[in-house]
Amino acid sequence: MGKRIIVFLFFVSISSCNLAFASDPEPLQDFCVGDASSSVRVNSLACKDPSLVKPEDFFFSGLNISGNTTNPFGSKVTPVFVNQLPGLNTLGISMARIDYAPWGINPPHTHPRATEILTVIEGSLQVGFVTSNPDNRLFTKVLQKGDVFVFPIGLIHFQRNVGNTNAVAIAGLSSQAPGVITIGNAVFGSNPHIPDDALAKAFQIDKSVVDQIQLKF
Ligand SMILES: *[C@@H]1O[C@H](CO)[C@@H](O)[C@H](O)[C@H]1NC(C)=O
Ligand SMILES: *[C@@H]1O[C@H](CO)[C@@H](O)[C@H](O)[C@H]1NC(C)=O
């Protein structure tokens, strides 16, 4: 009887352990190249027939090309996620190149499914993330070429070019599909809009200020 309880507790602890990990599940085969044309609905993309898999399925070209930063934020993310590189399917990893115009910002955002590790390969960036409630503590740092910073999964973070030259960073992410929620776009640019009186109360500002911000998104 005592033994059964121990076994039961063991499984309870194992299963609650699994719930605590938010990263992508481990693959159960060498690879499962994503088949975007498949109509099968699974928790990722269905696997392409392995006999049809080619080296190109594991290949992406283009991170040598600078992103176009001519936009209001002055930054551009070039993702290499499962949609760009189907061989990443089920592997729990991806990457991106981020370009920043002088003083450009990659605005506050979060990746619901990934921790991000970022290195600067050109220029200098101020980076930071904010911890969850109630502390909302900002961890920030100025990075130079070769410096590395990590943004823990789910936390709101940003990068800003703090120089008069272009900056470039390369990021690794612990999901094939990290997801991005840009705070400004989600809160002020949702479709349809969150009612302006609700946002006015939430942000403790005048409704006309909310309307003004909503117009920008
Ligand atoms: C980027 O690399 C590709 C493939 O090697 C090459 O064809 C292209 O010319 C390069 N572009 C730039 C801007 O360096
Ligand atoms: C960059 O984006 C801007 C705004 O969308 C556009 O006007 C411009 O032609 C683009 N530049 C290049 C080199 O593609």
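The values are calculated or read from the model by the stated rules, or taken from the named source; none is laboratory data. These figures come from a predicted structure and were not determined experimentally. FYI the Cβ positions are ideal-geometry reconstructions off the backbone, even for glycines, and counts take in every protein chain you see.
Figures for the structure shown
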{"quantity": "Hits in the stretch 39-50 (condition: without any contact (Cβ under 8 Å) to a residue 60 or more places away in the chain and either exposed (fewer than 13 other Cβ atoms within 10 Å of the Cβ) or assigned to a strand (DSSP E or B) (or both))", "calculated": "SER39, VAL40, ARG41, VAL42, ASN43, CYS47, ASP49, PRO50"}
{"quantity": "Long-range neighbours under 7 Å by Cβ, at least six apart or interchain, first residue without any contact (Cβ under 8 Å) to a residue 12 or more places away in the chain within the stretch 123-141, second part of a strand (DSSP E or B)", "calculated": "ASN136/VAL130; ARG137/VAL130; LEU138/GLY128; LEU138/VAL130; PHE139/GLY128; PHE139/PHE129"}
{"quantity": "Enumeration of residues in the stretch 80-105 that are exposed (fewer than 15 other Cβ atoms within 10 Å of the Cβ) and either within 16 Å of ligand 2 (Cβ to nearest atom) or outside any loop (DSSP other than H, G, I, E, B) (or both)", "calculated": "PRO102"}
{"quantity": "Members of the stretch 81-94 that are within 16 Å of ligand 1 (Cβ to nearest atom) and either under 17 Å from ASN106 (Cα atoms) or not aliphatic (A, V, I, L, M) (or both)", "calculated": "GLN84"}
{"quantity": "Pair list, Cβ < 8 Å and 6+ apart or interchain, from the stretch 51-79 residues that are farther than 20 Å from LEU118 by Cβ and assigned to a loop (DSSP other than H, G, I, E, B) to residues that are away from ligand 2 (no atom under 16 Å from the Cβ) and hydrophobic (A, V, I, L, M, F, W, C)", "calculated": "VAL53/PHE31; VAL53/VAL33; PHE59/LEU85"}
{"quantity": "Residue satisfying all of: in the stretch 49-76; within 15 Å of ligand 1 (Cβ to nearest atom) and charged (D, E, K, R); nearest to SER37 (Cα to Cα) among these", "calculated": "GLU56"}
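Residue-by-condition table, conditions (1) in contact with a Phe, Trp or Tyr (Cβ under 7 Å, 6 or more places away or on another chain); (2) in the same structural domain as ASP35 (by TED's automatic domain parsing):
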site: HIS157; (1), (2): yes, yes
site: ASN185; (1), (2): yes, no
site: ILE194; (1), (2): no, no
site: GLN204; (1), (2): no, no
